[in-house]
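Below is one structure; the comments refer to it alone.
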Amino acid sequence: MDRPAYTDTASLHQRLARTRRRLLAAYLLQGGVQALGLLVLLWGTATLIEALLWLPVGLRTGLFWGLVAGSAGVLAWTVGRPLITLRRLSDEHLARQIGRHFPEIADRLVNLLQLETGRRSAAPEALLLRAREQLTRQIAPVPFEQMVSLRLPPRLLSLTLTPLLLLGTLLFLAPDTLQHAFARLLAPGQPFERPLPFSLTVSPGSTELARGDTLHLTITLTGTQWPEQLTIRVRYAGEVRAETFLLPSGASGHVRFTLPNLQRPLTYQVEAPPITTPWYRVALRERPLVRRLQLTLHYPSYTGLPAQTLPPNVGNVSALPGTRVELNVRTGAAPVALALLRFDDGTTQPMTLHDSLARGSFILRQPGHYWIELRTPDGLTNPDPVRYSLELVPDDPPTITLLQPEAVYTLDDALQAPLQVRVHDDFGFTALRLYWRLAESHFRTPETEFSSRPLPLSTPRPLNQELQQLWNLRADGLDLVPGDVVEYYVQVWDNDQISGPKTARTPLQHLRLPSLAERYEQLDVAQDEVAEGLESVREQAEQLRSTFQELRETIQRTRQAGWDEQQQAEQLRRQQEALEEQVETLARQLERITREMEANRLVSEETLELYQELQRVVEEIQSPELREALERLQEALRSLDLPRLLESMEQIEFNEAQFRERIERALALFRRLRTQQQLEEAVRRAEALARLQERLARRTAQLEQQQRASSSPSRAPVDSTTRPHPATLARQQEQASEEARQLESLLEEIRRQMESLRGMPRRALDSLRQTLRRQQLPERMQQNARQLRQGNFSEARQEQQQMEQQLEQLAARLERLRQHMAGSQRQLNAAGLRQALRHVLLLSELQETLRNEIRALRTERAGAPMARRQEQLVQGTRTVTDSLRQLARRIPQMDRAVQQRAAEALQAMDHAIGALTEGSARMASSYQTTAMMHLNELARMLADLLDQLQQQQGMGGLSLEQIIEQLQRMAGQQQQLNEQIQQLLNDIQGTRLATDQLERMRQLARQQEAIRRQLQQLARDREARRRLLGDLDALARQMQETIQELQQGQISRQTLERQRRILIRLLEAQHAIREQEQERRRQSRPGEDIARESPPELTPQQERNRLRRALIDALESGYAPDYEALIKRYFELLERMQHRQNNR
């Protein structure tokens, strides 16, 4: 029983001990919290007082010790007192507090403790024990340990937290002030000065920079207020005085100051009264520098440009892509450990270093910038390196211009086109090619792909080249037929080896081979324009004559000239200038027509020469004399010189009449020549149609053979690639039908033109036209085309052969008609000239007789009979002049001087009549002598013209010996020319042509042209054409190629080879003619007697004519007066002999 009681009592004491400890903890917690609040309030108040009042040392010391004493009292009261009270608290008192706190315990715990301590009654022990047990059981379930709560009272917490919050707020608002004040409180005996209202901080202070850098100073002001300006003093090394800079402080408290490009060490300080910083030191280190830069540009090899060294310190590069830029950099100021080339695309390239020299290079490939970076062993770099620009100079593409031929060029039968190309590039070329294809054709399939061949370039240089070449289309495999169109262009490549060759090409141009009908149609259009132009000139000349007549009548009526007359004279001058411009245009048109006829062989050589004479006639229409007379008229009008005015008007009338006569002559000649040309055109058209029918017959025979082969299985098949197509032949026949209709229309046009011309074979032409209409060739050709499409090849072929024969007969009849017309015209012209010559000689004789009779008179007054005889001579001269005027309209070879001499003779005779009328025999004799001179000169001109026409009329074929002789002469000239070309080519080998060498080439070209003209003259002979037609044409073409190359200065080994072939063909032609003659002579013939007659002697009349011409030439040669008188005497005797012979 004792053990449980003991155990319960021990447990009770343990619980009481825990309650005591808990009560201690509660007292300490509440006391600590209370002490904390009081101490915070006490010290915070003291700190606030110190911060606000900045107490002196004595007061601050007293305050400090008072705070210490107060803090001790607070701790003793709040912590010490509860501990002492708790220490004095016994278990019984603790039990009473528990009993008061727990009513269910009340005094039981006290009673239990008293029973434990022996303060009990004398009750038995067992009863006491049971009482203790009962009290223990009653107390055990009550948790009296919970009597003491460790939770702080809310009021205590609020009282404690209030000063803490206040202190935290003050610290937040003024942390530095309170901290400094608290620090001063903790050092009661130490004096403290009151701080300034701001502070000053300098950055970077003392430092080390590189030479050339910029010193950036940052001054920071903190506080409540600071001065309005700061003072910075800077003292450079070696100087005593410091530089002063005044800076405003500003509102932000941050002041920045910069010293750029420092070259010397320095010290500096900042003053913001009352604060002055110590002197800060700035030391300098050396940076590397680029002292000299030298660039050398090595251009790409294809340019041929030499290396270029730029001026020193020039680093900007502007060059071609692929240029190698070599740099030599001289460094200084500091040793360099690394040198780099930096580019703005981020790439770098190291440079080699040797002492203070850095070398490097790079290839220029793209535009941008670069700079040179130098680095010292301690890592310093050159300051602000210069950025140099890199610019690409483009290698421009080549340019090409096709100068000849024009965009659409008309080919002739030679199938040659003048090709003149100009190319340009900045550095050179690699290739030049000609491209072509058949673009259009009526009878073949056009080509889709271009063929090409290279064109020769002189060398990769010069940069400007002009290529002239005669493009022989046949040599390039282009065997064109009329209507075909060739499309071509020329392309050039430059020599850019970096980016690749660039190209340029000409626009597409076209060559067209017209048919014979198209060429004649173009010729007709051009001739229509000339005819209209001549008609227009004639009408304007009539207007000019009317205007002049009005002016003349006005002046003769009023015998004075005013402003209106001057304006009319100016109008006459302008009209005359306009007429001369039109005449010049017509001459150019005729020249172009003549060239076209010659190039396309549209007319015979005889007609071509006549057109060339017509061109000269048109050029002679212009009248400088009339223009000068009009100018003299204007001067006379301005000076009001009436005699001079009348004389000018007389000259104008004379020259204007000649001007109109020349216009009429040109128009009449043009109409006559055009008729002759159109008749030749009809012959050519008929021949061309006959040849076409012959070709169609051959092709139709092939179709007929193929048709038979397809119907007979035993026959070998015909190659389908070479056989003609019926539709193609039908189209050609339909085209021929249209050309046959054009031939009929042409003959009708020729018939209409013959109506206005004399001496034309109209009846013969009408017979030909009727025959052509009866044959109905156009309709039969259309029917033949249908037969071809239907497959009736046999009938179609027979009809083609028949039409071929009819067309050949028509061409032959037209040719005979043309020859007859030309021969008749020549005979008429020669007869007219002979008659005019006889009349001129007679007039000259009569004029001389009359002059001599007048000279024999002993008086100045010759009398009326002499004047009447002179008048008769004037009438006779006018008759001759009119005859010559009519002849000039039929003979284009007649020079303008012929009519001019006749007019001058007539004018001199008129003056002689005037002198005779006025009674001045001496003056009349002088005029008569002048008239004789003009008549004699006129006779010489007519004789020469007659000889020229007779030579043309009687020109027959050359003999065999003459042909061989001419060939030998041309061969010798050709051989000499070849040797000269060989020597010239050796002289210019590999060198640029000099001016004298170009002139030599032109001289050689003229020599070759002279040989070619001889060849053309030989080709006009029928016998030579019969024997050597193919050779002569080929030789002429080859000579023309050589002439062009010499004129262009582009001779080569190919030129020499061509010249050698020309010489060989000339020699072979001689040999061929000799062999033909030997073959002819080898033919056996029976022997026969040959009677050779000597040439007949000249008749007396022929002898006199020859002598007369010689005498006239002698008179014009300017002999001495004695010899001239003797010559004239012979002339007079000759004329008297002829006169007596005629009288017999």
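The values are calculated or read from the model by the stated rules, or taken from the named source; none is laboratory data. Since we're looking at a predicted model, the values are computed, not measured. In this analysis, Cβ positions are derived from the backbone assuming ideal geometry, glycine residues included, and neighbour counts consider all displayed protein chains.
Looking at His839, is it over 19 Å from Gln693 (Cα atoms), touching a Pro at 6+ places or on another chain (Cβ under 7 Å) and assigned to a helix (DSSP H, G or I)? Before you say what the answer is, go through the steps one by one.
On the way: over 19 Å from Gln693 (Cα atoms): yes; touching a Pro at 6+ places or on another chain (Cβ under 7 Å): no; assigned to a helix (DSSP H, G or I): yes.
No: the conditions fail for His839.
Considering only the stretch 343-444, give the strands (runs of 3 or more DSSP E) lying wholly within it that have at least 2 residues that are under 30 Å from Trp471 (Cα atoms) and either touching a residue at least 60 places away in the same chain (Cβ under 8 Å) or of a type in the set (Gly, Ala, Ser) (or both). Break it down stepwise before answering.
On the way: elements: 348-350, 352-354, 357-363, 368-375, 388-392, 399-404, 408-410, 416-424, 429-440.
By residue number, 399-404, 408-410, 416-424, 429-440.
So which of Arg786, Arg838, Arg818 ends up being closer than 20 Å to Met760 by Cβ and of a type in the set (D, E, K, R)? Break it down stepwise before answering.
Details: Arg786 fails: closer than 20 Å to Met760 by Cβ; Arg838 fails: closer than 20 Å to Met760 by Cβ.
Result of the check over Arg786, Arg838, Arg818: Arg818.
One line per residue, one yes/no per condition, for (1) small (Gly, Ala, Ser); (2) in contact with a helix residue (DSSP H, G or I) (Cβ under 7 Å, 6 or more places away or on another chain); (3) at pLDDT below 90; (4) assigned to a strand (DSSP E or B):
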| residue | (1), (2), (3), (4) |
| --- | --- |
| Thr169 | no, no, yes, no |
| His180 | no, no, yes, no |
| Asp213 | no, no, yes, no |
| Leu217 | no, no, no, yes |
| Pro227 | no, no, yes, no |
| Ala251 | yes, no, yes, no |
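Go over the candidates Pro350, Pro394, Pro398 one by one and state the one that is exposed (fewer than 14 other Cβ atoms within 10 Å of the Cβ), within 30 Å of Lys502 (Cα to Cα) and of a type outside the set (Phe, Trp, Tyr).
On the way: Pro350 fails: within 30 Å of Lys502 (Cα to Cα); Pro398 fails: exposed (fewer than 14 other Cβ atoms within 10 Å of the Cβ).
Exactly one of Pro350, Pro394, Pro398 is exposed (fewer than 14 other Cβ atoms within 10 Å of the Cβ), within 30 Å of Lys502 (Cα to Cα) and of a type outside the set (Phe, Trp, Tyr), namely Pro394.
Being crowded, with 19+ Cβ neighbours inside 10 Å, within 28 Å of His424 (Cβ to Cβ) and acidic (Asp, Glu) is the requirement here; does Asp496 meet it? Full working, then the answer.
On the way: crowded, with 19+ Cβ neighbours inside 10 Å: yes; within 28 Å of His424 (Cβ to Cβ): yes; acidic (Asp, Glu): yes.
When the stated conditions are applied, Asp496 passes them.
Every residue, every condition in (1) of a type in the set (A, V, I, L, M, F, W, C); (2) farther than 29 Å from Thr214 by Cα, yes or no:
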site: Ala251; (1), (2): yes, no
site: Val255; (1), (2): yes, no
site: Thr258; (1), (2): no, no
site: Ile275; (1), (2): yes, no
site: Arg285; (1), (2): no, no
site: Arg291; (1), (2): no, no
site: Pro306; (1), (2): no, yes
site: Leu310; (1), (2): yes, yes
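Scan the stretch 268-321 residue by residue and report those that are buried (at least 16 other Cβ atoms within 10 Å of the Cβ) and among the small types (Gly, Ala, Ser).
Answer for the stretch 268-321, where residues must be buried (at least 16 other Cβ atoms within 10 Å of the Cβ) and among the small types (Gly, Ala, Ser): Ala272, Gly315, Ala319.
Any chance you could count how many residues in the stretch 791-833 are surrounded by 15 or more Cβ atoms within 10 Å (Cβ to Cβ) and within 27 Å of His934 (Cα to Cα)?
Selection size over the stretch 791-833: 6.
Could you tell me which of the residues Leu602, Leu586, Leu572, Leu579 is assigned to a helix (DSSP H, G or I), touching a residue at least 40 places away in the same chain (Cβ under 8 Å) and farther than 14 Å from Leu630 by Cβ? Don't jump to the end; show me each part of the working.
Numbers: Leu602 fails: assigned to a helix (DSSP H, G or I); Leu572 fails: farther than 14 Å from Leu630 by Cβ; Leu579 fails: farther than 14 Å from Leu630 by Cβ.
After applying the criteria, what remains is Leu586.
Are any residues in the stretch 656-679 buried (at least 21 other Cβ atoms within 10 Å of the Cβ) and of a type in the set (Asp, Glu), and if so, which ones?
Selection gives Glu656 alone.
Do you know which residues across the stretch 292-313 are modelled with pLDDT under 90 and not in a loop (DSSP other than H, G, I, E, B)?
Correct list: Ser301, Tyr302, Thr303.
Consider the stretch 401-419. How many of its residues are surrounded by fewer than 17 Cβ atoms within 10 Å (Cβ to Cβ) and out of contact with any Lys or Arg (no Cβ under 9 Å at 6 or more places or on another chain)?
4
Could you tell me which residue of the stretch 756-779 is surrounded by the fewest Cβ atoms within 10 Å (Cβ to Cβ), considering only residues that are in a helix (DSSP H, G or I) and under 56 Å from the mean Cα position of the chain (by Cα)?
Residue satisfying both the conditions and the ranking: Glu779.
From Thr849, Thr877, which residue is buried (at least 20 other Cβ atoms within 10 Å of the Cβ), part of a helix (DSSP H, G or I) and either assigned by TED's automatic domain parsing to the domain that holds Ala943 or in contact (Cβ under 8 Å) with a residue 60 or more places away in the chain (or both)? Walk me through how you get there before you give the answer.
Numbers: Thr849 fails: buried (at least 20 other Cβ atoms within 10 Å of the Cβ).
Result: Thr877 is the single residue among Thr849, Thr877 that is buried (at least 20 other Cβ atoms within 10 Å of the Cβ), part of a helix (DSSP H, G or I) and either assigned by TED's automatic domain parsing to the domain that holds Ala943 or in contact (Cβ under 8 Å) with a residue 60 or more places away in the chain (or both).
On the basis of being hydrophobic (A, V, I, L, M, F, W, C) and within 60 Å of the chain's Cα centre (by Cα), does Ile891 make the cut? Before you say what the answer is, go through the steps one by one.
Values: hydrophobic (A, V, I, L, M, F, W, C): yes; within 60 Å of the chain's Cα centre (by Cα): yes.
So Ile891 passes the test.
Across the stretch 376-419, what is the number of residues that are closer than 30 Å to Val603 by Cβ, at pLDDT 85 or above and among the polar types (S, T, N, Q)?
Residues of the stretch 376-419 closer than 30 Å to Val603 by Cβ: 403-419.
Checking the rest, the ones that are also at pLDDT 85 or above come to 403-409, 416-419.
Still in the running and among the polar types (S, T, N, Q): 404, 416.
The qualifying residues number 2.
Checking the condition assigned to a helix (DSSP H, G or I), out of contact with any Phe, Trp or Tyr (no Cβ under 6 Å at 6 or more places or on another chain), modelled with pLDDT under 75 and under 20 Å from Glu605 (Cβ atoms), which residue from Gln950, Gln1014, Gln966 passes? Please lay out each step first, then the result.
On the way: Gln1014 fails: modelled with pLDDT under 75; Gln966 fails: modelled with pLDDT under 75.
Matching residue, one of Gln950, Gln1014, Gln966: Gln950.
Take the residues in the stretch 322-347 that are small (Gly, Ala, Ser) and in contact with a Ser or Thr (Cβ under 7 Å, 6 or more places away or on another chain); name whichever of them is farthest from Gly500 (Cα to Cα).
From the stretch 322-347, those small (Gly, Ala, Ser) are 322, 332-334, 337, 339, 346; that's our starting set.
If we keep only those that are in contact with a Ser or Thr (Cβ under 7 Å, 6 or more places away or on another chain) too, we end up with 332, 334, 337.
Details: Gly332: 43, Ala334: 46, Ala337: 41 Å.
Once the filter is applied, the top-ranked residue is Ala334.
Listed residues Leu364, Leu327, Leu320; which is touching a helix residue (DSSP H, G or I) at 6+ places or on another chain (Cβ under 8 Å) and under 21 Å from Ala307 (Cα atoms)?
Values: Leu364 fails: touching a helix residue (DSSP H, G or I) at 6+ places or on another chain (Cβ under 8 Å); Leu327 fails: touching a helix residue (DSSP H, G or I) at 6+ places or on another chain (Cβ under 8 Å).
Result of the check over Leu364, Leu327, Leu320: Leu320.
Of everything in the stretch 445-457 that's part of a loop (DSSP other than H, G, I, E, B) and farther than 30 Å from Arg595 by Cβ, which residue is farthest from the chain's Cα centre (by Cα)? First the steps, then the outcome.
Within the stretch 445-457, the first condition is being part of a loop (DSSP other than H, G, I, E, B), and the residues that meet it are 445-450, 455-457.
Checking which are farther than 30 Å from Arg595 by Cβ leaves us with 445-450, 457.
Details: Thr445: 35, Pro446: 32, Glu447: 30, Thr448: 29, Glu449: 27, Phe450: 25, Leu457: 21 Å.
Only one residue fits best here, namely Thr445.
Quick one: in the stretch 189-238, of everything that is in contact with a strand residue (DSSP E or B) (Cβ under 6 Å, 6 or more places away or on another chain) and aromatic (Phe, Trp, Tyr), which residue is nearest to Asp176 (Cα to Cα)?
Phe198
Name the residues in the stretch 685-712 that are within 29 Å of Leu610 (Cβ to Cβ), surrounded by fewer than 22 Cβ atoms within 10 Å (Cβ to Cβ) and either in the same structural domain as Asp882 (by TED's automatic domain parsing) or not small (Gly, Ala, Ser) (or both), would you?
Matches in the stretch 685-712: Glu687, Arg691.
Restricting to helices (runs of 4 or more DSSP H) lying wholly in the stretch 64-149: which have 2 or more residues that are surrounded by fewer than 16 Cβ atoms within 10 Å (Cβ to Cβ) and either at pLDDT 70 or above or aliphatic (A, V, I, L, M) (or both)?
Values: elements: 81-87, 91-101, 108-117, 125-139.
Counting at least 2 such residues, we get 81-87, 91-101, 125-139.
So which residues in the stretch 645-677 are of a type in the set (Ser, Thr, Tyr) and under 52 Å from the mean Cα position of the chain (by Cα), if there are any at all?
Within the stretch 645-677, the first condition is being of a type in the set (Ser, Thr, Tyr), and the residues that meet it are 648, 675.
Listed by number, the list holds a single entry, Thr675.
Looking only at residues that are among the hydrophobic types (A, V, I, L, M, F, W, C) and touching a residue at least 12 places away in the same chain (Cβ under 8 Å) in the stretch 175-191, which one is surrounded by the most Cβ atoms within 10 Å (Cβ to Cβ)? Talk me through it step by step, then tell me what you get.
If we filter the stretch 175-191 for residues that are among the hydrophobic types (A, V, I, L, M, F, W, C), which is where we start, we get 178, 181-183, 185-187.
Now drop any that are not touching a residue at least 12 places away in the same chain (Cβ under 8 Å), which leaves 178, 181-182, 185-186.
On the way: Leu178: 19, Ala181: 22, Phe182: 17, Leu185: 20, Leu186: 11.
Among residues in the stretch 175-191 that are among the hydrophobic types (A, V, I, L, M, F, W, C) and touching a residue at least 12 places away in the same chain (Cβ under 8 Å), the one surrounded by the most Cβ atoms within 10 Å (Cβ to Cβ) is Ala181.
Suppose the filter is surrounded by fewer than 13 Cβ atoms within 10 Å (Cβ to Cβ), touching a strand residue (DSSP E or B) at 6+ places or on another chain (Cβ under 8 Å) and under 30 Å from Phe427 (Cα atoms); does Pro507 pass it? If you could, list the steps in order and put the result at the bottom.
Details: surrounded by fewer than 13 Cβ atoms within 10 Å (Cβ to Cβ): yes; touching a strand residue (DSSP E or B) at 6+ places or on another chain (Cβ under 8 Å): yes; under 30 Å from Phe427 (Cα atoms): yes.
Answer is yes for this residue.
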